[in-house]
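J.: Dumping the structure here so I can ask a few things about it.
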Amino acid sequence: MPSALGEKIRELRKKKGFTLEKLAELTDSSKSYIWELENKNPPRPSAEKIAKIANQLEVEIEYLLDKEATITEEESVDAKFYREYRKMRPETRKKIRVVAKLIGEEK
């Protein structure tokens with residue numbers, strides 16, 4: 001039976017349209033390593049590999065490792081976006097705020 005980590009990786013990988021091979025390529029892993037993460041219990045991934053996988057799946061590491069499901073996928077995606085947003089130039093952040101306001105006004 002796969003672990004919660006494995007189930008999340010598989011679900012997110014499939015949502016992104018990634019094959020095992022593609023996720024392995026993007027994370028400098030082997031196809032068999034990704035398969036093991038998805039199917040073995042308990043998986044023993046390194047922090048570095050989990051960070052690469054989370055980055056490619058566009059979620060936070062905490063989401064992948066959250067066994068009690070206290071963090072939703074949406075919350076994780078938002079947290080990742082906000083961290084990236086905070087690193088952007090002020091001009092870029094201003095443009096994003098303008099677009100968000102326009103989208104928020106659509107009803």
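J.: Given the structure, is L23 surrounded by 15 or more Cβ atoms within 10 Å (Cβ to Cβ) and modelled with pLDDT of 90 or more? Even if it seems obvious, please write down each step before you answer.
T.: Details: surrounded by 15 or more Cβ atoms within 10 Å (Cβ to Cβ): yes; modelled with pLDDT of 90 or more: yes.
Yes.
J.: Let me ask something else about it. State all residues of segment 35-87 that are at pLDDT 90 or above and among the β-branched types (V, I, T); if no residue qualifies, say none.
T.: Residues satisfying the conditions are I50, I53, V59, I61.
J.: Next question, about the same structure. Kindly provide the set of residues from segment 62-88 that are open to solvent by less than 50 Å² (accessible area, probe 1.4 Å) and either within 14 Å of L5 (Cβ to Cβ) or among the basic types (K, R) (or both), ordered by number. Walk me through it before giving the result.
T.: Here is the first cut: in segment 62-88, the ones open to solvent by less than 50 Å² (accessible area, probe 1.4 Å) are 63-64, 66, 73, 76, 79-80, 85.
If the condition is that a residue be open to solvent by less than 50 Å² (accessible area, probe 1.4 Å) and either within 14 Å of L5 (Cβ to Cβ) or among the basic types (K, R) (or both), then Y63, L64, D66, E73, S76, K80 are the ones that fit.
J.: Kindly list, by first and then second residue, each pair from a residue in segment 65-79 that is free of Cβ contacts under 8 Å to residues at least 60 places away in the same chain and β-branched (V, I, T) to a residue that is open to solvent by less than 70 Å² (accessible area, probe 1.4 Å) and assigned to a helix (DSSP H, G or I), limited to pairs with Cβ atoms under 7 Å and residues at least 6 apart or on different chains.
T.: I71/Y63
J.: Also: Just give me the residues in segment 47-75 being among the β-branched types (V, I, T), in a loop (DSSP other than H, G, I, E, B) and either under 15 Å from K16 (Cα atoms) or touching a Lys or Arg at 6+ places or on another chain (Cβ under 7 Å) (or both), in sequence order. Please lay out each step first, then the result.
T.: The initial filter retains those residues of segment 47-75 that are among the β-branched types (V, I, T), namely 50, 53, 59, 61, 70-72.
From what's left, in a loop (DSSP other than H, G, I, E, B): 59, 70-72.
Listed by number, the list holds a single entry, V59.
J.: Right, next: Looking at segment 40-61, which of its residues are more than 16 Å from E84 (Cα to Cα) and either within 15 Å of the chain's Cα centre (by Cα) or surrounded by 15 or more Cβ atoms within 10 Å (Cβ to Cβ) (or both)?
T.: Of everything in segment 40-61, those that are more than 16 Å from E84 (Cα to Cα) and either within 15 Å of the chain's Cα centre (by Cα) or surrounded by 15 or more Cβ atoms within 10 Å (Cβ to Cβ) (or both) turn out to be P43, P45, A47, E48, K49, I50, I53.
The values are calculated or read from the model by the stated rules, or taken from the named source; none is laboratory data. As the structure is a computational prediction, the values presented were derived from the model and not from experiment. Neighbour counts run over all protein chains shown; Cβ positions are idealised from the backbone, glycine included. All accessible areas refer to the heavy atoms of the entire protein, side chains included, with ligands and DNA or RNA removed. Shrake-Rupley method; radii C 1.70, N 1.55, O 1.52, S 1.80 Å.
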